[in-house]
Amino acid sequence: MRVRDLLPGRDGEGPAGAGAGLRMIAGEPAALQRPVTGTSTVDLLDPGRYVGVAHLVLTGLAWRRDGADSERFVAAVADAGASALAVGEGLLGEVPEDVVRAARRHRLPVFAVPADLPFHQVSARVAAAVAPGAGGGAGTGPADDGALLRLLRGLAEGRPLAEQAEDVAAHLGGPVRVLSATGRQVVPGPVPLREDEVDDAVRAGARAAAAPALVHLVAGAAQVRPVAAEDPAERWWVLTDAGAPAAAGALLDALAGAVAVHRRTAAAPPAPRGDVVVALAGGAWSARALADALADVPHRVQVTSSGATAVVQDRPDLLALLRRRLSRLAPSLGARRLLVGVSRAGEGGEDAVAGARRALAAAHERTAGPVAVVQDTATGTVVDLLRTVPARERAAFARRVLGPVLDDGELLTTLRAHLRHGLSPTRTAQALHVHQNTVRYRVGRLEELLGRDLRDVADLADVHVALRLHDDLDDPGGPGDLDGHGAAPQ
């Protein structure tokens, strides 16, 4: 049965008489869909350990002294996963307003129990309503072999995951939802979850790791069951009512198997069209994170030697979408960091890759958290001005000026440090952890190979701009197939 079944029906009482005599005081419409699998009678100020998940909690208010007590009691009942609260009017003649306000804050439906209605009668009526075969407790009995066989047969036949989940939901009598690792609602259920509810569900599941976790949604407590993966950051999640019967474990395990198959075999998204942006992430493993977060956005992801490159169809909310979804992986990353750089809208080809690289470098330098998504911005430098020049010509200029030292990593590193530290041999030596004489020797070698005097303003400007252009355009991992035909990771 559900909370709505405690409301009076057209004949004056709910199904099986479960709610006979109860009077509803407060409750959001969504909360009326919560399952009720039993009752808990408590009169302790800290009742949490005595409250059953998806129960109707009955209390006579013996614990209450003031409004602070009401907040403490109601919060504990809600946190324990109760579906509704029924307050006896025998002690005070009414339900105190501070109890009602606390229940509203915690989105817990509240019923008044008249003084002449014993709690044991309410408990007995609810027990009768949720008993197997009572008609008000769909899905509260053991999962029968037929449901399990249908699921396994559907898996073998390749039935869509949404149909499989719908069949399980019909058997359990409550919604079944499937979330990807980044919180995409692969199977949204009858009513899609709010984004903050998805955040809570994924966070609760990650904390619990292998075991089912409890999460509080607007429509009531839900179980979050993980779908195992080799990498913890790739686990998906199955959500069911917290009141789903324990005997349904085999059926839900089989559904998790169907989810795992879908996770491996889901069709690739369409190729991006029109305006695109490039997203770069460090670490080859990040390709799967990007592919998951972007699965419902036209894109192509490929693995490069230095990480992952995604070419994504641009949309106004793309940056916000990436940030929200990828942030959900933080609890499962361990010691890893997931840093993503995104190019500016309207750029393409090498310029887009260069912009994404700048943004990725900024993410490394400016953020300390486990997940960061940074978009390239105009910096007000000469490189911004020179981006109006075709990339091919910029690259040619950099090669003409720097060509003799482009293959010498030690000299290039020394040049970068020397320019960054104002041409000071002392500061450059400190930054590179070498002797000042070593810096002077390398600078002399640079000037000899480049045919430039780094103390001359014109020569220095050419070398500085050429190095900036080289670093702006250089891609150690290769930009890959920028017209959107790269292969997504499988």
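The values are calculated or read from the model by the stated rules, or taken from the named source; none is laboratory data. Note that the structure is predicted; figures quoted are calculated from it, not measured. Cβ placement follows ideal geometry from the backbone for every residue including glycine, while neighbour counts extend to all protein chains displayed. Heavy atoms of the whole protein, side chains included, go into the accessibility calculation; ligands, DNA and RNA do not. Shrake-Rupley method; radii C 1.70, N 1.55, O 1.52, S 1.80 Å.
Points to keep in mind about this one:
- Between Asp98 and Phe119, the FRET efficiency estimated from the beta carbon spacing at R0 = 22 angstrom works out to 0.55.
- For segment 33-124, GluC sites (Glu not before Pro) are listed when DSSP marks them as loop and at most 16 other Cβ atoms sit within 10 Å of their Cβ; the list is Glu94.
- Taking the longest Cα principal axis of the chain as reference, the axis of helix 161-172 is set at about 20 degrees.
- (i) 331; (ii) 131; (iii) 186, with the label sought being that of the calculated volume of the Cα convex hull per residue in Å³: (iii)
- For the chain: relative contact order, % (alpha-carbon pairs under 8 angstrom, 6 or more apart): 11
- Against the criterion of solvent-accessible heavy-atom surface with a 1.4 angstrom probe, Arg125, Arg23, Arg399 sort, most first, into Arg399, Arg23, Arg125.
- Of Arg442, Arg207, Arg288, the order by accessible heavy-atom surface (1.4 Å probe, DNA, RNA and ligands excluded), from most exposed downward, is Arg207, Arg288, Arg442.
- Using alpha-carbon coordinates, inclination of helix 318-327 to the longest axis of the chain, degrees: 70
- In this view, the solvent-accessible surface of His106, computed with a 1.4 Å probe and all protein chains in place, comes to about 60 Å².
- If the chain linking Ala228 and Arg273 were pulled fully straight, counting 0.36 nm for each residue of separation and taking away their Cα-Cα distance, it would gain 12.8 nm.
- Panel note: the C-alpha atoms of segment 249-292, placed on their principal axes, show extents of 46, 25, 13 Å (largest first).
- Degrees between helix 195-208 axis and first principal axis of the chain (Cα, 0 to 90, nearest 10): 90
- Under the criterion of Cα pairs below 8 Å and six or more residues apart, the relative contact order for segment 177-257 equals 26 percent.
- The helix-based estimate of mean residue ellipticity at 222 nm for the chain, built from -39,500 (n - 2.57) per DSSP H run of four or more residues and divided by its residue count, is -12500 deg cm²/dmol to the nearest 500.
- Within the chain, percent of DSSP bridges classed antiparallel, to nearest 5: 70
- Taking every protein chain into account, the accessible area of the chain amounts to 46 square angstrom per residue (probe 1.4 Å).
- The largest accessible area among Asp79, Asp231, Asp196 belongs to the first residue in Asp79, Asp196, Asp231, and the rest follow in falling order (1.4 Å probe, all chains).
- Heavy-atom accessible surface of the chain: percent carbon and sulfur, 1.4 Å: 53
- For Ala170 and Thr367, a Förster radius of 60 Å and the Cβ-Cβ distance give a FRET efficiency of 0.85, rounded to the nearest 0.05.
- The label-point distance for Val382 and Tyr50, in a model that sets each label 7 Å from Cα toward Cβ, rounds to 7.8 nm.
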